[in-house]
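The values are calculated or read from the model by the stated rules, or taken from the named source; none is laboratory data. Nothing here was measured: the structure is a model prediction, and the numbers come from that model. Positions of Cβ are backbone-derived with ideal geometry, glycine not excepted, and every protein chain shown enters the neighbour counts. Protein only, heavy atoms only, side chains kept; ligands, DNA and RNA dropped before computing areas. Shrake-Rupley method; radii C 1.70, N 1.55, O 1.52, S 1.80 Å.
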Amino acid sequence: ISRSGDKCVIAFIDQWYLKYGTPSWRDPVLEHVREKGGDKETFSAYGVRIEYENTLNWLGNWACSRSFGLGTRVPWDEQFVVESLSDSTIYMAYYTVSHLLQGEGNVDGNSTGPLGISAAQMNDAVWEYIFKKGPYPEDCGIDEAKLKQCRAEFEFWYPMDLRVSGKDLIPNHLTMSLYNHAAVWKDDPSMWPRSFYCNGHVMVDAEKMSKSKGNFITLPGAIGEWGADATRFTCADA
């Protein structure tokens, strides 16, 4: 039974797994998150470090594919989509260059940003150039000066100094983010996240505040009810 009260019928289908428990992948991430002290610290966890270590020691084979929904196609088996927890763990790297690639307010790739680069031109070789100091792809159709600008933006903002999220995502999404950074920048741990700050649930009338409960006020809702100035004062006071 789902949170909404609907019956869920479980289908037995083929499945792909990410082998997060593989020692050669897991152990460098464990080393990254373990407390070192002094100037040798590589990762700040703000009081929940043991939860990352426990997750890394527990997380083994993770079912990573589904048959429908939004997401990236599994490259070697395109009838499946990579499920969202596994798929969305290094999108922060994209934020560093999104303002150069996307038209203002555009999220579907139909209009180009200030550099005039189309979504179709952003192939693997181009991303390798931007994110991993790869060679300039001669056949990409993009002037190298534009790609240098993207690379400079990425290298200015990365690695991320701080990611703020929820404690409930430590056993999956956040640990997977560490894993995927370790996979993409395997030989450069300096590009891995430097800290995660995790919030617990905010309680409202003895219940957690969440989308599923509906016990919260949106920003537009607060402005509509009390006005922008009152909302600003409340946020500032909090």
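On the chain, 54 percent of the accessible area sits on carbon and sulfur atoms, based on a 1.4 Å probe.
Under the convention that each Lys and Arg Cβ holds +1 and each Asp and Glu Cβ holds -1, the size of the dipole of the stretch 140-216 around its Cα centre is about 220 debye. Between Ser44 and Lys208, the distance separating the two model label sites (each 7 Å from Cα on the Cα→Cβ line) works out to 2.6 nm. Seen from all directions on average, the stretch 1-79 presents a Cα convex hull projection of 8.5 nm². Quick check on my link table: of Lys146/Lys167; Lys186/Lys211; Lys19/Lys167; Lys133/Lys211; Lys146/Lys211, which ones sit more than 29 Å apart, alpha carbon to alpha carbon? Beyond 29 Å between Cα atoms: Lys146/Lys167; Lys186/Lys211; Lys133/Lys211; Lys146/Lys211. Using only the Cα atoms of the stretch 1-142, build the gyration tensor, take square roots of its eigenvalues as a ≥ b ≥ c, and label the shape rounded, prolate or oblate: rounded if a/c is under 1.5, else prolate if a/b is larger than b/c, else oblate. It is oblate, given that a/c is not under 1.5 and a/b is not larger than b/c. Looking at the stretch 129-238, which trypsin sites (Lys or Arg not before Pro) are DSSP coil and have at most 14 other C-beta atoms within 10 Å of their C-beta? The qualifying sites are Lys133, Lys186, Lys211, Lys213.
Percentage of Cα-Cα pair distances in the stretch 166-234 greater than 20 Å, rounded to whole percent? Tail of the P(r) past 20 Å holds 56 percent of the pairs.
The largest-to-smallest principal axis extents of the Cα set in the stretch 100-238 are 60, 34, 26 Å. A 1.4 Å probe run over the protein chains yields, for the stretch 94-231, 59 Å² of accessible area per residue, whole-number rounding. Taken per residue, the accessible surface of the stretch 1-73 reaches 74 Å², heavy atoms only and a 1.4 Å probe. Loop-located GluC sites (Glu not before Pro) across the stretch 42-127 with a Cβ neighbour count of 12 or fewer within 10 Å are Glu78, Glu104, with loop assigned by DSSP. Dividing the alpha-carbon radius of gyration of the stretch 68-168 by the rule-of-thumb value 2.2 N^0.38 Å gives 1.18.
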